[in-house]
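First up is the structure itself, then whatever we jot down about it.
The values are calculated or read from the model by the stated rules, or taken from the named source; none is laboratory data. Fair warning: this is a prediction, and the values are worked out from it, not measured in the lab. Please note: Cβ atoms are built from the backbone with ideal geometry, for glycine as well, and neighbour counts cover all protein chains shown. For accessibility, only protein heavy atoms count, side chains too; no ligands or nucleic acids. Shrake-Rupley method; radii C 1.70, N 1.55, O 1.52, S 1.80 Å.
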Amino acid sequence: MNDYYNIDSLKSGNYNIVYTSMFKKTESQNINLNSKNIDTLIICLDKIDYSSIDHIPFIDRLKENENYIIDVYNQGCVSLGGAIMKISKTRNKIIAETNENKKELTSAEIEYVRQFELELVNMNSCCCTSTDYYSLEYNDEVLKIEDGSCKWYGYGRLYNKLFNVEN
């Protein structure tokens with residue numbers, strides 16, 4: 001995200017900046033300008049408070065010998081393709097599996113899968129020539145979400161993180 005906004009000549013005082021993150025969440029940041037010069041204020045549009053999301057990720061619902069599927073399909077003017085990842089629970093271990101890879105997840109990787117889903121359910125789906133179509137299927141529940149942001153790249157980041165692939 002490379003959008004910059006320049007605001008000149010603010011007087012000393014308290015300010016509250018309110019903005020919408022890329023995850024459809026209204027965020028705010030309080031700043032206090034005093035006699036010291038503040039040259040740059042960085043606001044992260046890809047920040048999310050995971051605890052504020054009213055959704056229980058599928059990875060947290062898995063019972064013994066159950067699984068769920070993350071199916072992503074990308075369509076755009078210069079791209080077309082898809083991928084499937086199965087997350088399963090066997091002998092109290094969480095396993096991630098694709099056509100090429102299979103591994104038992106560490107607790108840090110399980111947390112990353114959890115965060116991936118919490119981000120996904122809050123994705124904006126606008127304004128790009130390429131769109132990722134997600135379908136998450138657990139038992140009879142199916143989540144269908146479009147990401148046309150051209151900024152998140154959730155499945156790719158998830159895959160790279162879980163299977164130690166360099167970007």
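Consider the range 90-120 and keep the residues that are open to solvent by 40 Å² or more (accessible area, probe 1.4 Å) and within 20 Å of the chain's Cα centre (by Cα). The one that is nearest to Asn65 (Cα to Cα) is Glu97.
The single condition from (1) under 20 Å from Asp132 (Cβ atoms); (2) touching a helix residue (DSSP H, G or I) at 6+ places or on another chain (Cβ under 8 Å) that Lys103 fails is (1). Among the residues making up the range 97-132, those that are touching a Lys or Arg at 6+ places or on another chain (Cβ under 6 Å) and more than 18 Å from Lys144 (Cα to Cα) are Glu97, Glu104, Tyr112. For the range 104-113, the criterion of being in the same structural domain as Tyr68 (by the TED database), among the charged types (D, E, K, R), touching a Phe, Trp or Tyr at 6+ places or on another chain (Cβ under 8 Å) and not in a loop (DSSP other than H, G, I, E, B) is satisfied by no residue at all.
Inclusion of Glu27 among residues that are more than 18 Å from the chain's Cα centre (by Cα) and of a type in the set (Asp, Glu) is not warranted.
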